[in-house]
Amino acid sequence: MLSVLKKGAAQRVASTASKAASKKLSTTIEQVFVRRPPPNFALGLTTPAFGKPSNTDYGQALRQWLRYVEVFERRGIPAVSLPPLDQDCPDAVFVEDTCVLFKDKITGEDVAVVCENMARERRPEVETMKEALLKQGFDNDHRPFDRIGVVDGEGEMLDGGDVLKCPVSNKVYVGLSSRSNRSGVDKLASLLPNHEVIGVPVTKVLHLKSCITALPDGRIIGYDPLVDDVDIFGGANNYLSVPEEGGAHVVILDDKTLLVAASAPRTADILDKEGYDLEIVDIEQFEKLEGCVTCLSVRRR
């Protein structure tokens, strides 16, 4: 299923300079989508090996989430707050799994891919995200998406937490995990014909981005004990190994700035020596549920 949002003729016409700029790979975040953690967030889904947390604190989780959102707002990045889902969706704060947003590397189109076939317990989360995506450009100042695709076919599984976009190429790595399968990867590839979509085995963690993310220069940053095959990412020159699990998760705020978790001080030292500015946030309550800095937002670039 693929729906196209209609736009006026004036919106379809861009200058040559604007088109060229849109094709350049950008690390600039235009807006983020977030959702407040529900009071029962501790009941969220985890892998059997990880188990369930026993010492969560909702008040602390809410404070940590507010400080996380503040990082974006302080930088002038608007945060779209999705409607709370407090009763039946304890995982709702982990909005990244519901969709993935792309800038087409050839056409410059804004593309949203909605992950409808999530774990059954989480599917109510998808509808409010889809509604928010459809509203873009109609009740706010942001551009509407040129295309909205949906991963909803029989047997297709895809979670946004398994999708890693390379900031300096058209490569998209997708974890073949307990939440995403080959059919889901193939569907994503069909929706992104101008990207190289690569399936990556994930057997040790919940999602691909539980063990790796990417730096602004295109290198993969990962925690080796949880990565199935480091060589997939291009060898030592394209891979930075870090000493802490929490250090494998970074959010690119701009070409020089990274959002990292407070649980990875040694990784922060490494990244500081690499020349990056750092925004450090404490997300301990969400890490107790296999969460990380990437999964608490969906970022539009």
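A few notes on this one:
- Candidate set from the range 121-146 (those that are of a type in the set (Asp, Glu) and either open to solvent by less than 40 Å² (accessible area, probe 1.4 Å) or in contact with a strand residue (DSSP E or B) (Cβ under 6 Å, 6 or more places away or on another chain) (or both)); member that is nearest to Glu30 (Cα to Cα): Asp146
- Filter pass, Met118 being touching a residue at least 40 places away in the same chain (Cβ under 8 Å), surrounded by 15 or more Cβ atoms within 10 Å (Cβ to Cβ) and in a loop (DSSP other than H, G, I, E, B): yes
- The residue that is nearest to Glu287 (Cα to Cα), counting only those in the range 255-276 that are part of a helix (DSSP H, G or I) and β-branched (Val, Ile, Thr), is Thr267.
- If only residues of the range 218-245 that are of a type in the set (D, E, K, R) and within 18 Å of the chain's Cα centre (by Cα) are counted, the one that is least open to solvent (accessible area, probe 1.4 Å) is Arg219.
- The lone criterion from (1) among the charged types (D, E, K, R); (2) touching a strand residue (DSSP E or B) at 6+ places or on another chain (Cβ under 7 Å); (3) open to solvent by less than 40 Å² (accessible area, probe 1.4 Å) left unmet by Arg179 is number (2).
- Restricting Gly160, Gly155, Gly137, Gly175 to those that are more than 24 Å from Thr47 (Cβ to Cβ) and in contact with a helix residue (DSSP H, G or I) (Cβ under 9 Å, 6 or more places away or on another chain) reduces the list to Gly137.
- Residue match in the range 144-151 (condition: basic (Lys, Arg) and modelled with pLDDT of 95 or more): no
- Residue pairs whose Cβ atoms lie under 9 Å apart, separated by 6 or more positions or on different chains, with the first residue in the range 175-198 and farther than 12 Å from Phe102 by Cα and free of Cβ contacts under 8 Å to residues at least 24 places away in the same chain and the second open to solvent by 50 Å² or more (accessible area, probe 1.4 Å) and of a type in the set (S, T, N, Q), do not occur.
- Tallying residues that are surrounded by 20 or more Cβ atoms within 10 Å (Cβ to Cβ) and either more than 16 Å from the chain's Cα centre (by Cα) or more than 27 Å from Leu62 (Cβ to Cβ) (or both) within the range 284-301 yields 3.
- Residue list for the range 92-115, restricted to those being in a strand (DSSP E or B), touching a residue at least 40 places away in the same chain (Cβ under 8 Å), under 22 Å from Ser81 (Cβ atoms) and not β-branched (Val, Ile, Thr): Cys99, Leu101, Asp110, Cys115
- In this structure, Asp255 qualifies as under 23 Å from Ser297 (Cβ atoms) and open to solvent by 50 Å² or more (accessible area, probe 1.4 Å).
The values are calculated or read from the model by the stated rules, or taken from the named source; none is laboratory data. Please read these numbers as outputs of a predicted model, since none were measured by experiment. Here Cβ is always computed from backbone atoms with ideal geometry, including for glycine, and neighbour counts include all displayed protein chains. With ligands, DNA and RNA removed, areas are computed over all heavy atoms of the protein, side chains included. Shrake-Rupley method; radii C 1.70, N 1.55, O 1.52, S 1.80 Å.
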